[in-house]
Structure formats: C-alpha cells, structure tokens
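The values are calculated or read from the model by the stated rules, or taken from the named source; none is laboratory data. Given the structure is predicted, the values throughout are model-derived calculations rather than measurements. Cβ placement follows ideal geometry from the backbone for every residue including glycine, while neighbour counts extend to all protein chains displayed.
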Amino acid sequence: MMIEVKNLSFSYGKRKQKVFDDFSLALDKGSVYGLLGKNGTGKSTLLYLMTGLLRPQAGRVLYKGVDVSMRYPLTLQDMFLVPEEFALPSVSLKQYLKLNTPFYPNFSNELLSTCLRDFDMNEDIHLGELSMGQKKKAFMCFALATNTSLLVMDEPSNGLDIPSKSQFRKVIASGMTDEKSVIISTHQVRDIDSLLDHVVIIDGTRVLLNASVKTICDKVYFAEQGMNEPTDTALYVQPSVQGNSVIFPNTENEETNLNLEVLFNAMLAEREKMQTMFNK
C-alpha cells in the first residue's frame, strides 16, 4: 500500500476535541481518490496527518512503509499538499521556481509549461499580481510539476470558474500514471465525479466506504426516474428536479455512471443498508 493509516488518534486544542479515535485506512498507488465527508469530520486534518504536517497522538501514518511523522526529506520530496487556503509570495513565477524546485528532484518543467498552457497562462507572470483564481491555477500547476508520487488536494476547485474546472480535470487525468496517486478532498462532488477511480467516505472516526468506482457501479445502479415510477426495490431515493435520483441493487449487471452526490447522501442516510450491499 502507498498509504497506511493505522489506529490513528488525534485531538485539537486544550479541551482535546477528538477528531480521530482508532481510525484506520489504506490507499494504494495508481488511483485518483475522492475523500468525502460532512463538515467537521476531519477531512483536512486527515490530509495534514497523511503528509506529516500534523503528528498523531496515537497510531501511525505510513507512506511506502515509512512513518511520515519522522518527516524524512526522502519522504517529503515525494509528496505535495495543495491546501484549501494558501499564500504565495509577491515574486515572479521564475523566482518562485528557482527557490522551490530544488526540494523536488523529479520536478518537470515540461509538465509545468503544459499545465500553464492548459489554463491559458504562461511562465512570465508575477504571483503578486494574480487574482485568487489565477494564483490557485498557478500553484496547482507547480504542484503537478513537482511530479511526486502522491499529490493531495483540499477543495481544489473552489475559486475556479467553469472552464477552469474542466481544465483542472484534464490536467489531473493527463498527469496520472500507475505509480502515482491523487487524493482530492472536496464538497464540490460534481466537479470531480468523472475524474475519480476510487471513493472514500468518512463520518467521524469511521470509514463508511472505501471502494473503487468499478466496484461501486458493479454493486449498485444509479437512475433518474419520474415521480410516479416504482422505487420498491430501491436502496435510496432522493428527490430531484425531474423526479427522483435512485440507487438500486445492480442485479442485472447493467452499465451505470457514478452519481457521487447521491452516493454520498445515501451512505449517510442509509448507512447500514448501503454497507451491507457493498460488503456482499
């Protein structure tokens, strides 16, 4: 496994507000993971723990078998975190690259140029003169160009316009290999559902779902139905503009497209029923 979270416990502040208690999770290489959960379930905290920016009070996070809390340079140079909020210095992009690329030995100028071009940007930019959306695109291009085995992104589509969200999906997909993994934590599920290979849903200290998109779509069938169509065998029904968004058991092995928003709501509302289906 690329990442192994083992019996993790973590609390914030003097009052020891518990975020994780004996939490475990394993993620392998070669996938784009969607990390989903309600507000306050610790998604961002988990990303920081995975990348060594926070240390657990108990348990361990292993990256390729190495404890990330040790913060070894060989470990840190092989992972990159794009947080939801960040600040960039008021320098030219070229100066920023000169200062930061030595920390990432696999940095690819070709990847950087391709990504900037996809976002209609160039390398002759000054970071202090960019809008927030442009800064986000520039920083994501740097993150992709580090060419690390693990790329972690917290709410990456926030602040991007519709064309940029489409380009974001394109640049992530084009940069994937069997040796890399991307973890995306987001509330904007419609921005990423076509990008994901794997879905992880957490609720408090529990993993509600950890499954590939293929496994999910083999087990359940997503449908849009009129209000008067039967839903007797449905696992979950969610009202929609057209009628109902419905999840059925996929008993006929039909092809179906993942509806990440409906799946997320179903895992929260019909936890036991959905987990029983996926555990069959």
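Could you tell me how many of the residues in segment 141-164 are in a helix (DSSP H, G or I) and under 25 Å from ARG190 (Cβ atoms)?
Within segment 141-164, residues that are in a helix (DSSP H, G or I) and under 25 Å from ARG190 (Cβ atoms) number 6.
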*May I ask you to verify whether GLN225 is of a type outside the set (Val, Ile, Thr), modelled with pLDDT under 95 and surrounded by fewer than 16 Cβ atoms within 10 Å (Cβ to Cβ)?*
no
_Return the residues of segment 230-250 that are part of a loop (DSSP other than H, G, I, E, B) and without any contact (Cβ under 8 Å) to a residue 24 or more places away in the chain; say none if nothing qualifies._
PRO230, THR231, ASP232, THR233, ALA234, SER240, VAL241, GLN242, GLY243
_Single condition VAL199 does not satisfy, out of (1) surrounded by fewer than 19 Cβ atoms within 10 Å (Cβ to Cβ); (2) assigned by TED's automatic domain parsing to the domain that holds PHE119; (3) farther than 26 Å from LEU111 by Cβ_ = (1)
*Could you check how many residues of segment 253-280 are among the charged types (D, E, K, R) and without any contact (Cβ under 8 Å) to a residue 24 or more places away in the chain?*
1
*If you scan segment 93-111, which residues turn out to be surrounded by fewer than 16 Cβ atoms within 10 Å (Cβ to Cβ) and either in contact with a strand residue (DSSP E or B) (Cβ under 6 Å, 6 or more places away or on another chain) or touching a residue at least 24 places away in the same chain (Cβ under 8 Å) (or both)?*
LYS94, ASN100, PHE103, PRO105, ASN106, ASN109
*Evaluate the following for TYR96: is it touching a Ser or Thr at 6+ places or on another chain (Cβ under 6 Å) and of a type outside the set (A, V, I, L, M, F, W, C)?*
no
*List every residue pair whose Cβ atoms sit under 6 Å apart, with the two residues 6 or more apart in sequence or on different chains, where the first one lies in segment 14-41 and is among the acidic types (Asp, Glu) and the second, anywhere, is in a loop (DSSP other than H, G, I, E, B) and modelled with pLDDT of 95 or more.*
ASP28/MET2
*Within segment 247-280, count every residue that is among the acidic types (Asp, Glu), in contact with a helix residue (DSSP H, G or I) (Cβ under 7 Å, 6 or more places away or on another chain) and farther than 19 Å from GLY37 by Cβ.*
0
*Yes or no: THR75 under 30 Å from SER24 (Cβ atoms), touching a Lys or Arg at 6+ places or on another chain (Cβ under 8 Å) and among the β-branched types (Val, Ile, Thr)?*
yes
*Could you check, for segment 17-27, whether at least one of its residues is surrounded by fewer than 21 Cβ atoms within 10 Å (Cβ to Cβ) and outside any strand (DSSP E or B)?*
no
_Residue within segment 246-269 that is surrounded by 15 or more Cβ atoms within 10 Å (Cβ to Cβ), among the polar types (S, T, N, Q), outside the structural domain of ALA26 (by TED's automatic domain parsing) and closer than 28 Å to GLY40 by Cα present_ = yes
